[in-house]
1. For region 156-171, just list the computed ³J(HN,Hα) in residue order, Karplus coefficients 6.51, -1.76 and 1.60, θ = phi - 60°, integers in Hz, with x standing in for Gly and Pro.
2. Under a crude label model (7 Å from the Cα following the beta-carbon direction), how far is F90 from L67 in nanometres?
3. What FRET efficiency comes out for A60 versus S120 if R0 is 35 angstrom and r is the Cβ-Cβ distance? Round to the nearest 0.05.
4. Can you tell me how much longer the chain between D74 and S37 gets when fully stretched, taken as 0.36 nm per residue apart minus their C-alpha distance, in nm with one decimal?
5. How high is the FRET efficiency from Q48 to I170, r the C-beta distance, R0 41 Å, rounded to 0.05?
Amino acid sequence: MVANEQIQQESRSYEIKPTGQSVADQYSDIALTNLYSAAANQFITEGQLIWSRFNAMLVANSIIFILAGPSIRDLQSTSNLLLMLGTGVFGLLISIVWLQLSYRSIQLQRYWRDCAMGFSWQQGFPNPTTYIYERWEKEKKKSVGKYLVLGKLGLFVIWMFIAAHSVIIIVAIIWLLPRCS
């Protein structure tokens with residue numbers, strides 16, 4: 001809970017400006033520029049990590065369905081039903097973790113975006129992140145809409161895996177209950 005509150009804090013504003021001719025002042029300018037670069041790189045990296053995690057979890061869930069597949073054919077065998085129940089529970093747990101990771105990653109990416117956008121330059125130079133993001137917002141109807149659809153489609157896929165694993169668990173329990181009594 002505390003981590004979520006920390007991410008949702010207001011972004012800080014930093015102004016990068018030439019502060020003087022001394023060596024110490026130049027080092028502080030370089031340090032602020034490096035801070036901006038780090039925030040911008042984290043924003044970009046988090047976007048890449050979101051899709052890397054998505055691909056890894058998609059493969060993991062696919063493997064779980066491959067393992068559960070043969071057991072679905074023969075619902076008369078108790079061992080197959082137990083395998084089906086086990087893979088369903090494991091798949092459901094993995095899918096819930098996947099969903100939480102996705103939501104958290106999106107929050108983290110927004111945090112880094114806000115950090116990068118909190119920098120400003122003196123002498124009328126625009127913040128590159130702000131410039132890019134504002135252009136991105138203007139082009140939303142043309143190209144960004146595709147990316148938003150991809151993100152929503154990704155979350156939809158996760159919810160579909162959660163639903164499928166839940167159905168597998170319910171079917172296994174329904175077929176196992178008469179055997180337990």
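FYI, it's all coordinate maths here, none of it is from the lab. These figures come from a predicted structure and were not determined experimentally. Neighbour counts are summed over all protein chains in view; Cβ atoms, including those assigned to glycine, are modelled from backbone coordinates with ideal geometry.
1. 4, 4, 4, 5, 5, 5, 4, 5, 5, 5, 5, 5, 4, 5, 5, 4
2. Each label point is offset 7 Å from its Cα along the Cβ direction, giving 0.1 nm.
3. Numbers: r = 43 Å, r/R0 = 1.23.
FRET efficiency, A60 to S120: 0.25.
4. So the extension gain works out to 7.6 nm.
5. On the way: r = 37 Å, r/R0 = 0.89.
So, using R0 = 41 Å, E works out to roughly 0.65.
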